[in-house]
Amino acid sequence: MGGLAGHMNHLYDNRELTFSKMKEIFESAATGKLEVSEKTDGQNLFISYSVKDGKAKAARNKGNIKSGGMDAAQLAKKFSNRGGLTEAFTESFDAFERLVKSLPIETQVSIFGQDANIFYNSEIMDYRSANVINYDKKSLVIHREGHAMFNRKTAAIEDVDVS
């Protein structure tokens with residue numbers, strides 16, 4: 001993933017994984033008993049929404065979360081003059097903001113907190129900003145895990161289960 005999320009391990013990245021555990025994982029996958037997600041290869045971006053400010057917020061590092069996240073103008077400035085990457089980030093972030101604004105305020109608060117309290121680990125795939133895999137359409141995917149909450153009382157970034 002990169003960015004704030006860090007690297008998402010493959011099975012071969014885990015040097016502690018035994019052969020018997022790997023066999024168990026493959027058997028579970030082969031029999032449909034393993035819940036999986038496709039490992040995407042886009043650009044990582046943590047996203048949230050501040051109901052208080054009426055703006056989407058983004059984070060690429062811990063400092064961004066601790067400062068409350070970047071709004072659309074700050075995100076565009078951070079990634080300006082980077083061609084397809086600039087367009088991928090700004091367009092997907094704009095689409096995300098428009099979608100969230102269309103939700104009832106009570107729903108916005110329940111998902112993000114009052115002031116961008118919860119940041120969702122997401123991936124932006126865009127043919128204009130290819131990584132290793134070349135995608136043929138634009139997508140913003142929110143991962144199942146790896147989300148973060150900024151605790152303003154302790155100034156700590158904490159993992160949060162949003163399932």
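The values are calculated or read from the model by the stated rules, or taken from the named source; none is laboratory data. In this text the structure is predicted, and so the values were computed from the model without any measurement. Here Cβ is always computed from backbone atoms with ideal geometry, including for glycine, and neighbour counts include all displayed protein chains. The area values use the complete protein model at the heavy-atom level, side chains included, leaving out ligands, DNA and RNA. Shrake-Rupley method; radii C 1.70, N 1.55, O 1.52, S 1.80 Å.
So, of the residues in region 1-21 that are under 23 Å from E158 (Cα atoms) and not in a helix (DSSP H, G or I), which turns out to be modelled with the lowest pLDDT?
Taking region 1-21 as the starting set, the residues that turn out to be under 23 Å from E158 (Cα atoms) are 1-9.
With not in a helix (DSSP H, G or I) added as a condition, the list becomes 1-2, 6-9.
Numbers: M1: 45, G2: 50, G6: 56, H7: 56, M8: 61, N9: 65.
My answer is M1.
Check K62, K78, K66, K101 and return the single one that is among the basic types (K, R), open to solvent by 20 Å² or more (accessible area, probe 1.4 Å) and under 15 Å from the mean Cα position of the chain (by Cα). Please lay out each step first, then the result.
Details: K78 fails: under 15 Å from the mean Cα position of the chain (by Cα); K66 fails: under 15 Å from the mean Cα position of the chain (by Cα); K101 fails: under 15 Å from the mean Cα position of the chain (by Cα).
Among K62, K78, K66, K101, only K62 is among the basic types (K, R), open to solvent by 20 Å² or more (accessible area, probe 1.4 Å) and under 15 Å from the mean Cα position of the chain (by Cα).
What tally of residues in region 41-59 results from selecting those that are modelled with pLDDT of 90 or more and not hydrophobic (A, V, I, L, M, F, W, C)? Steps first, please.
Going through region 41-59, the residues modelled with pLDDT of 90 or more turn out to be 45-59.
Checking which are not hydrophobic (A, V, I, L, M, F, W, C) leaves us with 48-50, 52-55, 57.
Total meeting the criteria: 8.
Write out, first by first residue and then by second, each pair whose Cβ atoms fall under 6 Å of each other, whose residues are 6+ apart or on separate chains, and whose first residue, in region 93-121, is polar (S, T, N, Q) while the second is surrounded by fewer than 14 Cβ atoms within 10 Å (Cβ to Cβ).
Q114/K52
Condition (residue is among the β-branched types (V, I, T), at pLDDT 90 or above and either within 24 Å of V162 (Cα to Cα) or touching a Lys or Arg at 6+ places or on another chain (Cβ under 7 Å) (or both)) applied to region 22-40: is it met by at least one residue?
Quick first cut of region 22-40, residues among the β-branched types (V, I, T) only: 25, 31, 36, 40.
From what's left, at pLDDT 90 or above: 31.
Then drop every residue that is not either within 24 Å of V162 (Cα to Cα) or touching a Lys or Arg at 6+ places or on another chain (Cβ under 7 Å) (or both), which leaves none.
So far as region 22-40 goes, no, none of its residues is among the β-branched types (V, I, T), at pLDDT 90 or above and either within 24 Å of V162 (Cα to Cα) or touching a Lys or Arg at 6+ places or on another chain (Cβ under 7 Å) (or both).
With (1) of a type in the set (A, V, I, L, M); (2) surrounded by fewer than 18 Cβ atoms within 10 Å (Cβ to Cβ); (3) farther than 19 Å from G63 by Cα; (4) touching a strand residue (DSSP E or B) at 6+ places or on another chain (Cβ under 7 Å) as the list, and I133 as the residue in question, which single condition is left unmet?
(4)
Check whether at least one residue in region 34-55 is in contact with an Asp or Glu (Cβ under 8 Å, 6 or more places away or on another chain) and without any contact (Cβ under 8 Å) to a residue 60 or more places away in the chain, and report yes or no.
Within region 34-55, one or more residues are in contact with an Asp or Glu (Cβ under 8 Å, 6 or more places away or on another chain) and without any contact (Cβ under 8 Å) to a residue 60 or more places away in the chain.
Every residue, every condition in (1) aromatic (F, W, Y); (2) modelled with pLDDT of 90 or more; (3) within 27 Å of E158 (Cα to Cα), yes or no:
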{"residue": "G83", "(1), (2), (3)": "no, no, no"}
{"residue": "F89", "(1), (2), (3)": "yes, yes, yes"}
{"residue": "F96", "(1), (2), (3)": "yes, yes, yes"}
{"residue": "I105", "(1), (2), (3)": "no, yes, yes"}
{"residue": "S110", "(1), (2), (3)": "no, yes, yes"}
{"residue": "F119", "(1), (2), (3)": "yes, yes, yes"}
{"residue": "M125", "(1), (2), (3)": "no, no, yes"}
{"residue": "R128", "(1), (2), (3)": "no, no, no"}
{"residue": "N131", "(1), (2), (3)": "no, no, no"}
